[in-house]
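This report refers to the structure that appears directly beneath it.
A short reminder: the numbers here are calculations on the coordinates, not readings from a lab. What you see is a predicted model, and the numbers here were worked out from it, not measured in a lab. Every residue, glycine among them, receives a Cβ derived from its backbone with ideal geometry; neighbour counts consider all protein chains shown.
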Amino acid sequence: MTIKTYYDDDDVMCSCSGTKRRDIKRLFNEGADQDAISRRTGALSGCAGCEWDIGEYLRELAEQQK
Ligand code: FES
């Protein structure tokens, strides 16, 4: 078994919409907040099971900008 210790941009972060990590990163870098990312990708608008992961990833991206 391989343990992933890095992020893969091809990871699907929202299975309801098929939104990948790269989509979220690109929109974040364009200045989109979580609501805008949801509107533009459909992420977070289904079961919301991805809410914690996407929120955490956005917090990490924001930290990297500091
Ligand atoms: S996994 Fe993202 S809304 Fe269901």
Fill in: Charge dipole (debye, nearest 20) of the chain; +1 at Cβ of Lys and Arg, -1 at Cβ of Asp and Glu
140 debye
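Filter the chain for me: DSSP H helices, axial length by Cα at least 24 angstrom, mean Kyte-Doolittle hydropathy not below 1.0. List them by residue number.
Answer set is empty.
Extension gain A48-D11, at 0.36 nm per residue separation less the Cα-Cα distance, in nm? Walk me through the intermediate numbers first.
On the way: separation 37, 0.36 × 37 = 13.32 nm, distance 1.69 nm.
Net length gain for the segment: 11.6 nm.
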Worksheet entry | Hull-based mean projected area of the chain, where the convex hull spans the alpha carbons, in square nanometres | 4.7 nm²
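Going by how many other Cβ atoms sit within 10 Å of their own, how do Y7, Y57 line up, fewest first?
Values: Y7 13, Y57 18.
By the 10 Å Cβ count, ascending: Y7, Y57.
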